[in-house]
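So that we are looking at the same thing, I have put the structure below in structure tokens.
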Amino acid sequence: MGDMTATSARRVLLAAPRGYCAGVDRAVIAVEKALEQYGAPIYVRKEIVHNKYVVQTLEKKGAIFVDETEEVPEGSIVIFSAHGVAPVVHEEAATRKLATIDATCPLVTKVHKEAVRFAKEDYDILLIGHEGHEEVIGTSGEAPERITLVDGPDDVKNVEVRDESKVVWLSQTTLSVDETMETVDALKERFPRLISPPSDDICYATQNRQIAIKQVAAESDLVIVVGSKNSSNSVRLVEVALGAGAKAGHLVDYASEIDEAWLEGVTTVGVTSGASVPDVLVEGVLEWLAERGFGDVEVVQPMQESLTFSLPKELRRDLRAEAAAASGEPEASAVAGRPEGARR
């Protein structure tokens, strides 16, 4: 850092859109509203979204995160994460008499419905995604006897199907667009009659953030992506940035994780964040960079986002019921199966 002197040439290119997508915003607000509505503790199966800061913040408010449904005390309220769950998880919750709030992203739900439909039509479904990712586990659970995971183009050679005339591909929503289409192209070489889903399964937010970081990366010596290591879309952003021309790229949860050595010889820093990252963490990175001479921030915004999703139906109905009761018009609670006393 010793050879760096103040210069107006140092700048930050801030990608937009970045950070929270509509599905993440909906899921996080669902946990916050549930805590307000029913009181702590509220149980959440898996991380509500893949971000360390968000999880820790909700824990401080009274959310308890568990890995499996069996860890939730009988009769309690449990929220399913934005990544979605398999039907067996709903069955487990019913067995334990749990009141459930499903915060699955509507775009993930769309993929689940496609899996169910194609399975009923007796198709072999090739699910492009990463083994072990929660979204992949949930989607696979919709039709386990018909779904085969394809983990990247190198995995295509291992795929076997019953009838090459009845094969369709679906995708984990948070993958790189380029990575997915590379796998699709390889699949089409093996299975020329492969059917594509009725609409693109790559989430709009994933696409938009990748388009924005490609523009930023082309002019950046260094790209910093704010996001957690278990966030698939955040990890992909680093890969996309490097593929688009950035000389270096790093993933950090917090500004404190940035190594000053990364700034050696750097004049332009690109900054973005994954779809599960609140903007307060990006602001921390910008402040850190400004303290080191990178105070000139230019926003690069190739497109706008305006999509929003309503809260999970179970929560909406209970909020309406409370509003109706307050106005003198009682309405039944919609968190089905909640026993007396489960509100608090």
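The values are calculated or read from the model by the stated rules, or taken from the named source; none is laboratory data. This one's a predicted model, so the numbers in the text were calculated from it and none came from an experiment. Positions of Cβ are generated from backbone atoms using ideal geometry, with glycine treated the same way; all protein chains shown enter the neighbour counts. To get the accessible areas, we keep the full protein, side chains included, count just its heavy atoms, and leave off ligands, DNA and RNA. Shrake-Rupley method; radii C 1.70, N 1.55, O 1.52, S 1.80 Å.
Does the chain come out rounded, prolate or oblate by the C-alpha gyration tensor, with a ≥ b ≥ c the root eigenvalues, rounded set by a/c under 1.5 and, if not, prolate when a/b is larger than b/c and oblate if not?
On the way: a/c = 2.35, a/b = 1.22, b/c = 1.92.
The shape class here is oblate.
Write down the accessible area per residue of the range 131-210 in Å², having rolled a 1.4 Å probe over the full set of protein chains.
Numbers: 3680 Å² over 80 residues.
Counting only protein heavy atoms, the per-residue value for the range 131-210 is 46 Å².
Out of 82, 149, 309, whose Cα points farthest toward the positive end of the dipole of the chain (charges: +1 Lys, Arg; -1 Asp, Glu; placed on Cβ)?
The listed residue farthest towards the positive side: 309.
Can you give the charge dipole size of the chain about its Cα centre, rounded to the nearest 20 debye, using +1 on the beta carbon of Lys and Arg and -1 on the beta carbon of Asp and Glu?
On the way: 36 positive and 57 negative charges, 178 e Å.
Computed charge dipole of the chain: roughly 860 debye.
Let me ask another. Note down the accessible area of residue 303, probe 1.4 Å, to the nearest 10 Å².
About 40 Å², ignoring ligands and nucleic acids.
Starting from the Cα of residue 97, draw a straight line to each of the lysines and keep only those under 30 Å, dropping any in the same chain fewer than 8 residues away.
Residue 97 reaches 33, 46, 52, 60, 61, 110, 113, 120, 313.
May I pose another question? Say the dipole of the range 60-179 comes from +1 at the beta carbon of Lys and Arg and -1 at that of Asp and Glu; which of 99, 64, 115 then lies farthest toward its positive end?
Farthest along the dipole direction, towards plus: 99.
As a check on your grasp of the helix formula, calculate [θ] at 222 nm for the chain: sum -39500 (n - 2.57) over DSSP H runs of n ≥ 4, divide by the residue count, round to the nearest 500.
Result for the chain, helices only: -11500 deg cm²/dmol.
Also, I was wondering about something else. Taking a cut-off of 22 Å between Cα atoms, list the lysines near residue 214, but don't count ones fewer than 8 places away on the same chain.
Cα-Cα hits under 22 Å: 229, 247.
Give me Rg/Rg_expected for the range 221-296, where Rg uses Cα atoms only and Rg_expected = 2.2 N^0.38 Å with N residues.
In units of the 2.2 N^0.38 Å rule of thumb, it is 1.01.
Given a 1.4 Å probe, how much area per residue of the range 19-75 is accessible, in Å²? Each step should come with its number before you reach the end.
On the way: 2310 Å² over 57 residues.
Accessible area per residue, the range 19-75: 40 Å².
Roughly how many debye, to the nearest 20, is the charge dipole of the range 46-173 about its Cα centre, given +1 on each Lys and Arg Cβ, -1 on each Asp and Glu Cβ, and no other charges? Mind dumping the intermediate values first?
On the way: 14 positive and 25 negative charges, 119 e Å.
The dipole magnitude comes to about 560 debye.
Here's a follow-up. Using a/c under 1.5 as the rounded threshold, could you call the range 256-295 rounded, prolate or oblate? The axes a ≥ b ≥ c are square roots of the C-alpha gyration tensor eigenvalues, and prolate needs a/b larger than b/c, oblate otherwise.
Details: a/c = 2.00, a/b = 1.80, b/c = 1.11.
Prolate, because a/c is 1.5 or more and a/b exceeds b/c.
Arrange the residues 199, 234 by how much accessible surface each exposes, largest first, with a 1.4 angstrom probe. Each step should come with its number before you reach the end.
Details: 199 50, 234 0 Å².
Per-residue accessible area, sorted high to low, gives 199, 234.
Would the range 1-151 count as rounded, prolate or oblate if I go by the C-alpha gyration tensor, calling it rounded below 1.5 in a/c and otherwise prolate when a/b exceeds b/c, oblate otherwise? Don't skip to the answer; put the middle values down first.
Numbers: a/c = 2.65, a/b = 1.34, b/c = 1.98.
Oblate shape, in that a/c is at least 1.5 and b/c is the bigger or equal ratio.
Protein chains only, probe 1.4 Å: how do 157, 61, 110 rank by accessible area, largest first? Intermediate results must be reported in sequence, preceding the final value.
Numbers: 157 145, 61 110, 110 60 Å².
Per-residue accessible area, sorted high to low, gives 157, 61, 110.
With all protein chains present, how much of the accessible area of the range 30-144 (probe radius 1.4 Å) comes from carbon and sulfur, to the nearest whole percent? Before the final figure, lay out the partial values.
Details: 2280 of 4560 Å².
C and S atoms contribute 50 percent here.
Just to make sure I understand: if all protein chains stay in place, what is the order of 53, 204 by accessible area at 1.4 Å, largest first? Before the final figure, lay out each step's value.
Details: 53 75, 204 50 Å².
Order by accessible area, largest first: 53, 204.
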